[in-house]
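Asker: Dropping the structure in here first, questions after.
The values are calculated or read from the model by the stated rules, or taken from the named source; none is laboratory data. All values reported here derive from a predicted model rather than from experimental measurement. Here the Cβ positions follow ideal geometry from the backbone for every residue, glycine too, while neighbour counts run over all protein chains shown. Heads up: the accessible areas ignore ligands, DNA and RNA and are worked out on the full protein's heavy atoms, side chains in. Shrake-Rupley method; radii C 1.70, N 1.55, O 1.52, S 1.80 Å.
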Amino acid sequence: MRGLYIHVPFCVKKCAYCDFYSLPDRPDLVEPYINAVFKEATHHAGLSFQTVYLGGGTPGLLGAQGLSRLIRGLRDIFDLSRVSEATLEVNPDSTSRTLLEAARMAGINRISIGVQSLVDFELKKAGRIHTAEQAIQSILMAKKAGFQSISCDVMLGLPGQNAATLISTLKKLLDLEIQHLSLYCLSIEPDTPFGLRPPFDIPSDDEQAELYLGACEMLQQEGFVHYEISNFAIPGCECLHNLNYWRGGEYLGLGPAAASHLGGKRFKNRADLESYLTNPGGFIEDEEILETGQKAAEEAILRLRLLREGLDIGELTRRFGDDVIHSLRLRLDDLVEKELLIRSGSVYRLPDQCALVSNPILAKVLES
């Protein structure tokens, strides 16, 4: 499987915690940006993709006409005839019936909504510019537009958040019968407003862990499968685009700051829209050709994020050879002995209780 990702670097206003590359309030650059994406895409003309994902930023700020033109142009450059999942990220403040209908007409069949919370004081403290009611209405609009695959992002650890407010948000979303939910822990990044002035009422690490475990228990009781560390879905509604990432598949990223993994090479565009408009795809950073052992180890840690599917060491051995996998297998078995991984036959998995503290465990898998 191969996925196509388009990074749309526009937003209405930067949130207090956001360190993704985006530029607030630049509608004048939308058309030049779309033209630049087409130019970058021609460097890879003819590639076929099975999933498409428009993220950001706020892709909805392309507007109905811009979104339609972008998708049409990409269809002329790539083979998108076998795309089974095409996702558009939207924010409640910029979602409209016109945009959603245009998305459906363009072939988008999955919507991911940046809800983050359905408690107004939490949204305000996080610097979000939408209200809880706007978020609910955006879900209802998506359903009315005919979308049967709707995902919502929720943040855990927002200032002032507690178990009651988090459960309230989740219950309201479940009542709206969404199919997928991504639950992200708040991360304080250095050069963000939260990083410069951390709010006093951010839940502690222990409190965040309790919130996470409580949310996991509730969602699983409601029939959601906890299929990846931060992701839950009604069975059959998992995000195919992200599954491709976690299974080590290929992907092409278009737009400033977009990352790619093609032909054993990993590379990333510079996070600079001005240079991107001047020379689309011409400013590459972090270019790296992956050695076989490195590729196998990186794929191992990605697959371990899939809590139910796990890592089948037999499959990796068949693909990379026993000589490459031998040392990796020893590291995995050592983590099993320390009860940081569990093993069933040839499949290794993260224990549920280790999901929230997985980073140091996965780092050990990468050790040479």
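Asker: Those residues that are hydrophobic (A, V, I, L, M, F, W, C) and open to solvent by 10 Å² or more (accessible area, probe 1.4 Å), I need them from segment 156-177; list them, please. It would help to see each step written out before you state the result.
Answerer: From segment 156-177, those hydrophobic (A, V, I, L, M, F, W, C) are 156, 158, 163-164, 166-167, 170, 173-174, 176; that's our starting set.
The answer is Ala163, Ala164, Ile167, Leu174, Leu176.
Asker: Say whether the condition of being in a loop (DSSP other than H, G, I, E, B) and within 21 Å of Tyr184 (Cα to Cα) is met by at least one residue in segment 133-140.
Answerer: No, segment 133-140 has no match at all.
Asker: I'd like the residue in segment 294-335 that is within 18 Å of Ile229 (Cα to Cα) and acidic (Asp, Glu) and, out of all such residues, is surrounded by the fewest Cβ atoms within 10 Å (Cβ to Cβ).
Answerer: The residue in question is Asp312.
Asker: Sticking with this structure for a sec: With respect to Ser94, is the statement that it is of a type in the set (S, T, N, Q) and under 25 Å from Trp246 (Cβ atoms) true? Give the derivation first.
Answerer: Values: of a type in the set (S, T, N, Q): yes; under 25 Å from Trp246 (Cβ atoms): no.
Criteria not met by Ser94.
Asker: Quick one: Ser204 ticks every box in (1) open to solvent by 40 Å² or more (accessible area, probe 1.4 Å); (2) closer than 25 Å to Glu133 by Cα bar one, so which box is it?
Answerer: Checking Ser204 against (1) open to solvent by 40 Å² or more (accessible area, probe 1.4 Å); (2) closer than 25 Å to Glu133 by Cα, the one that fails is (2).
Asker: Quick check on segment 248-259. Is at least one of its residues open to solvent by 40 Å² or more (accessible area, probe 1.4 Å), of a type in the set (Ser, Thr, Tyr) and out of contact with any Asp or Glu (no Cβ under 9 Å at 6 or more places or on another chain)?
Answerer: The answer is yes, given that some residue of segment 248-259 is open to solvent by 40 Å² or more (accessible area, probe 1.4 Å), of a type in the set (Ser, Thr, Tyr) and out of contact with any Asp or Glu (no Cβ under 9 Å at 6 or more places or on another chain).
Asker: Here's a follow-up. Test Ser346 against the criterion of being touching an Asp or Glu at 6+ places or on another chain (Cβ under 6 Å), more than 24 Å from Cys216 (Cα to Cα) and modelled with pLDDT of 85 or more, and give yes or no.
Answerer: yes
Asker: In addition: Looking only at segment 75-94, which residues are among the aliphatic types (A, V, I, L, M) and in contact with a Pro (Cβ under 9 Å, 6 or more places away or on another chain)?
Answerer: Leu88, Val90
Asker: Could you list all residues from segment 254-298 that are assigned to a strand (DSSP E or B) and farther than 25 Å from Leu362 by Cα?
Answerer: Leu254, Asn269, Ile284
Asker: Right, another one. Would a scan of segment 116-132 turn up a residue that is within 20 Å of Tyr53 (Cβ to Cβ), at pLDDT 95 or above and touching a helix residue (DSSP H, G or I) at 6+ places or on another chain (Cβ under 9 Å)?
Answerer: Kept after step one, since they are within 20 Å of Tyr53 (Cβ to Cβ), are these residues of segment 116-132: 116.
Within this subset, residues satisfying the condition of being at pLDDT 95 or above are 116.
This time we only want the ones that are touching a helix residue (DSSP H, G or I) at 6+ places or on another chain (Cβ under 9 Å), so: 116.
Yes: segment 116-132 contains one or more residues that are within 20 Å of Tyr53 (Cβ to Cβ), at pLDDT 95 or above and touching a helix residue (DSSP H, G or I) at 6+ places or on another chain (Cβ under 9 Å).
Asker: Now for a different question. Could you check how many residues of segment 88-109 are open to solvent by 40 Å² or more (accessible area, probe 1.4 Å) and β-branched (Val, Ile, Thr)?
Answerer: Count: 1.
Asker: Going through segment 16-37 one residue at a time, which ones are open to solvent by 60 Å² or more (accessible area, probe 1.4 Å), assigned to a loop (DSSP other than H, G, I, E, B) and not aromatic (Phe, Trp, Tyr)?
Answerer: Listed by number, the residues that qualify are Asp19, Asp25, Arg26.
Asker: Within segment 319-335, track down each residue that is of a type outside the set (S, T, N, Q), farther than 15 Å from Arg247 by Cβ, out of contact with any Gly (no Cβ under 7 Å at 6 or more places or on another chain) and part of a helix (DSSP H, G or I).
Answerer: Answer for segment 319-335, where residues must be of a type outside the set (S, T, N, Q), farther than 15 Å from Arg247 by Cβ, out of contact with any Gly (no Cβ under 7 Å at 6 or more places or on another chain) and part of a helix (DSSP H, G or I): Asp322, Asp323, Ile325, His326, Leu328, Arg329, Leu330, Arg331, Leu332, Asp333, Asp334, Leu335.
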